[in-house]
Amino acid sequence: MDEQERGRVETLQREKPRNSRWGSLSSVSTPIQWFRKLRSELHWSFLVAVVIVYGINQGLGMGLSRVSVQYYMKDEQKLEPSEAQVYSGIIQIPWIVKPLWGLLTDTLPIFGFRRRPYFLLSGFLTIISMLWLSLGGNVPLAYALSSLIIASVGVAIADVTVDACVTQNSIAHPSLAGDMQSLCGFSSSFGALIGFSLSGILIHLVGPKGVFGMLCIPAALIILAGILLRESRAQHFAYQRVDEKFLDAAKSMWTTLKHRDVWRPCLYMYLSLALGLNIREGIFYWFTDAEDGPKFSQEVVGSIFSFGAIGSLLGVFVYQNFLKSHPYRSTLFWAQLLFGLSGLMDLVLVLRLNLKLGVPDYLFVVMDDTISIFIIRIKWMPLLVLSSKLCPAGIEGTFFALLMSIDHVGLLSSSWTGGILLHMLNVTRTQFDNLWMAILIRSLLRVLPIGLLFLIPESDPSMAVLPSELLRTKKGDDVLEPETLEMAPLVNSA
C-alpha cells in the first residue's frame, strides 16, 4: 500500500464514529455517495462501464429476459417444469467457461486493445442471437436453445471484461473493494427492478419474442461503451507468444488455486450454491397453472419479481452500511441460516396456510420474494468481495472469471439437481401434489453449508488474503500496465 493510499485509509478511519459499532444515521451512505467516493479515486469510464454492464445489460436485461424465457419455455415450447429447469441450466453454460473469456481479455489483445474489442464482440453476439430468435417464427427447441446460449455468451464476455477492471481496481485500492462491489450490486439490482417491473406488461403486449427483440437495446449500449472507452494500445505485442502466455496464465492460476486460502473458499462457494437446490420452474408453473394455485397473470408475475429486486437493493444498502467491515464467517453464518428459513415461506404458500392466516397470495408472495432476495444478496456480497481479493496480479480477469465459473458450476448443479428432484416427485404442468416435499428438501439442504464455514478465512474484507508475491504485477514489453488504461485509478495515472 503506497503512502497516498495509506493516508486516505487513515483519514477514513478517523471519520468513523468512535462510540458506536454500527455508526449513526449520519454515517449511512447512499448510492450517490458511493459513486462520488469512487469517482474521486477511479476514472469515470470505469464507473460508466459498471453501470452499463451491471445496471443495463445484466440488471435491466435480466429482468426482461428471465420472465420472457420462462413464459417462452412454458407457452411457446410447451415444456414440463423439470425440463424447463434443466434447460435453464444449459443456457447458463457459457458462464461456466468464463475463464476462457478471461484468458482472452488478459492475454490476447485485438488490434492492440484488451477491453474494447470484447465489449464490441459481446454486443454484436447478443444482438444477432436476439434478433434471430424474435423474428424467426416457430423456432424448434434446439435452435431456440442455441440462440439463447449465444446471447448468454455475449453477456458473459461483457461481464468478464468489466470484472477484470473491478478486480484490478480492488487490488490497487483494497479499502474500496466493498464500495465497488456495492456499486455493482446496486446497479444490477436497480436495473433488475426496472426490468422486472416492465417485463409482465411487455410480455402481455408484445409476447416473449417481442421482448427478445427489445433486448437488442442493452446490447447496443455495450457496443457504445466499447466505442467510448479510451484505452491505450499495447505496444510491441508478440502474437506468436500467445500460446506461451496462455500457458503462463494457466500455471499462475494453478499456483494460486493450490494456495490453502484460495481453494478452501472456492470449495465453500461451490457447495453452498450446489446444496441450495433450484426448483424455481416448479414454483413458477404452480404460480400460473395450478388449479388450487393463485393463477397469477403475466403482469402480476413481473411485479412480484420487481419486489425481489427491491429486496436486492435493500441487501446492498444494508451490507454497504452495516456489514462490509464484519468478518466473512459471521456474516455468512447468519445469512446462510436465514436463507434456509426463508425457503419455508414457499412451503406455507404451497400448503395454502397463508390463506388460513388471512394473508392474500399476492401479498404473501411479495413478502416471500423480497425477504428471500434480500438474504441472498447479503449472502452473496461478502463472497464477491472475497473473490476479488483472491486474484493474482496480471491475470485478474482470468482468475476472477475462474472463481465465478466455479460459482456457476454450483448454480448449474443446483438447477439440474432441482430438475431431477421435480421429475422424481412427479411435479408436472398439471400435477403439483408433491411440490411441498421438494420445497422442504430444498430448505433443509440450504442450512448444511453452515457446517462448512471453516473453509472461509477468519479475516474481514479490509484485509488482503493472498501473499504479497502473488499481488505483484509482472512487467514486460508487451504487457499493458495499469497506468495506460483509462479504467485504472487516477491515483495510479498520477
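The values are calculated or read from the model by the stated rules, or taken from the named source; none is laboratory data. What you see is a predicted model; the values in this text were computed from it and never measured. Ideal geometry is used to build each Cβ from the backbone, glycine not excepted, and the neighbour counts take in all protein chains shown. Keep in mind that these areas ignore ligands, DNA and RNA; they rest on the heavy atoms of the full protein, side chains included. Shrake-Rupley method; radii C 1.70, N 1.55, O 1.52, S 1.80 Å.
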Note down the magnitude of the dipole of the stretch 29-107 about its Cα centre, charges +1 on Lys and Arg C-beta and -1 on Asp and Glu C-beta and zero elsewhere, to the nearest 20 debye.
-> 380 debye
The pairs in LYS98/LYS389; LYS258/LYS379; LYS37/LYS258; LYS98/LYS258; LYS251/LYS379; LYS98/LYS251 lying past 28 Å Cα-Cα in this model are LYS37/LYS258; LYS251/LYS379
In Å and whole numbers, how far do the C-alpha atoms of the stretch 245-466 stretch along each principal axis, longest first?
-> 58, 37, 32
Taking a crude spin-label model, label points 7 Å out from Cα along the C-beta direction, the PHE322 to LEU131 distance in nm is 4.8 nm
Once amide hydrogens are built 1.01 Å from N within the peptide plane, the residues lying 5 or more places from LEU42 or on another chain with amide H under 5 Å from its amide H are LEU490
Would you mind checking which residues have amide H under 5 Å from GLU231's amide H? H placed 1.01 Å from N; only 5 or more apart, or other chain.
-> none
Taking 0.36 nm per intervening residue step and subtracting the Cα-Cα distance, what contour gain separates SER232 from LEU440 on full extension?
-> 69.5 nm
Give me the number: length gained by fully extending ARG429 to PHE333, i.e. 0.36 nm times residue separation minus the C-alpha to C-alpha distance, one decimal in nm.
-> 30.9 nm
What helices does the chain hold that run 30 Å or longer along their axis, going by alpha-carbon atoms, with a Kyte-Doolittle average of 0.5 or more, using DSSP H for the helix calls?
-> 141-172, 177-214, 298-318, 361-388, 396-424
Quick one: check the C-alpha center-to-center distance for the stretch 429-448 versus the stretch 357-401, whole angstrom.
-> 21 Å
Charge dipole (debye, nearest 20) of the stretch 245-466; +1 at Cβ of Lys and Arg, -1 at Cβ of Asp and Glu | 660 debye
What percent does the relative contact order of the chain come to when contacts are Cα pairs within less than 8 Å and at least six residues apart?
-> 28 percent
Taking R0 as 22 Å and r as the Cβ-Cβ distance between SER146 and ILE420, the FRET efficiency 1/(1 + (r/R0)^6), rounded to the nearest 0.05, comes to 0.40
Expressed as a whole number of Å, what is the distance separating the alpha-carbon centroids of the stretch 258-330 and the stretch 148-216?
-> 16 Å
In debye, nearest 20: dipole of the stretch 263-339 around its Cα centre with unit charges on the Cβ of K, R (+) and D, E (-)?
-> 620 debye
Which Cα, out of VAL206, PRO360, LEU455, lies furthest along the positive dipole direction of the chain (beta carbon charges, K/R +1, D/E -1)?
-> LEU455
In the set [x] 54, 27, 19; [y] 37, 27, 21; [z] 42, 25, 21, which value of semi-axes √(5λ) of the Cα gyration tensor in Å was calculated from the structure you see?
-> [y]
Which order do peptides 36-47, 331-342, 311-322 fall in by mean Cβ count within 10 Å, highest first?
-> 311-322, 331-342, 36-47
Lys/Arg +1, Asp/Glu -1 at C-beta; the chain dipole; positive extreme among ALA464, LEU257, SER152 = ALA464
Provide the packing ranking of 134-141, 193-200, 220-227, i.e. peptides ordered by the mean count of other C-beta atoms within 10 Å per residue, highest first.
-> 193-200, 220-227, 134-141
Skip the ligands, DNA and RNA, and give the accessible area per residue of the chain with a 1.4 Å probe, whole Å².
-> 42 Å²
Projected label distance in nm at LEU353 and MET367, using a 7 Å step from Cα toward the beta-carbon | 1.3 nm
Surface share of carbon and sulfur [accessible, 1.4 angstrom probe, percent] for the stretch 176-330 | 66 percent
Between ARG39 and LEU453, what is the label-to-label distance in nm when each label sits 7 Å out along the Cα-to-Cβ direction?
-> 3.9 nm
